[in-house]
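Let me begin by presenting the structure, written as structure tokens, before commenting on it.
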């Protein structure tokens, strides 16, 4: 069973806005026991008691990385159990590969339980049915029923928040005066491009590194987290993943390179870089300019 099935929302299930969350540093005697060390054994030992009726989050080990915000993209290792089951229904620990996912695309127990905690933390999250797979009637294979409480051990490895941009110390390698767009901010800051008067509409996709980071190069097949702003060639429409811009959808984008989207142009670009991509407009003739910051690269 894949991570996509188990942590990503199976349907448009939502929990109540005022769903209770208990989160403190003290051990919860009515929660399963597990190795509290970050990166340690993820096996659970369940108590004889019934599961809690509300979302419960126990911080087993507190990290020292950035605090995860609502709408972040998260790289994490995890193991998930139906309450009382000694065997996980899914475990990235067993697969030997963490998962990269946006918190706006997972079950409510994750999107509510992970924010507010630091990267580098180990969390124990007990999720009631209404914040898990209850609203979707359980998982299609029946391994998680509509009335099941599910419990996850989660090691939060890295997080990219909606306001994050590329590396502030990225080396500027492009002559910005020669670009077909002007930029309203430098590396490390959210940016919105503006197409210069007289700039020629692109006839084919192009990519140019504006500022080069020093992180690992993205390769085809990698999962990446990208923040970006897009503007049409006539400057008539814009979109952005950064929250301060008009037309924004303030969540960083998680994408897999090689899937036939514009993100594929980021192959061979170092993480932390700021890149200008220009795309032809097809039948409409309206090209677009994209300024994208490559924030995280995860090899599969």
If we scan region 162-176, do we find a residue that is surrounded by 17 or more Cβ atoms within 10 Å (Cβ to Cβ) and outside any loop (DSSP other than H, G, I, E, B)?
no
task = Test residue 246 against the stated conditions and say whether it is farther than 17 Å from residue 72 by Cα, outside any loop (DSSP other than H, G, I, E, B), without any contact (Cβ under 8 Å) to a residue 40 or more places away in the chain and not assigned by TED's automatic domain parsing to the domain that holds residue 77.
result = no
| query | Going by the conditions given, is residue 45 in contact with a strand residue (DSSP E or B) (Cβ under 7 Å, 6 or more places away or on another chain), surrounded by fewer than 21 Cβ atoms within 10 Å (Cβ to Cβ), farther than 21 Å from residue 297 by Cβ and not assigned by TED's automatic domain parsing to the domain that holds residue 256? | reply | yes
Only unsatisfied item for residue 100, checking (1) out of contact with any helix residue (DSSP H, G or I) (no Cβ under 6 Å at 6 or more places or on another chain); (2) modelled with pLDDT under 95, is (2)
Checked region 175-190 for anything within 29 Å of the chain's Cα centre (by Cα) and in contact (Cβ under 8 Å) with a residue 60 or more places away in the chain; matches are 181, 183, 187
When every residue in region 264-292 that is at pLDDT below 95 and under 17 Å from residue 206 (Cα atoms) is compared, the one surrounded by the most Cβ atoms within 10 Å (Cβ to Cβ) is 287
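The values are calculated or read from the model by the stated rules, or taken from the named source; none is laboratory data. All figures in this text were calculated on a predicted structure; none of them were measured in a lab. For neighbour counting, all protein chains shown are included, and Cβ atoms are generated from backbone atoms with ideal geometry for every residue, glycine included.
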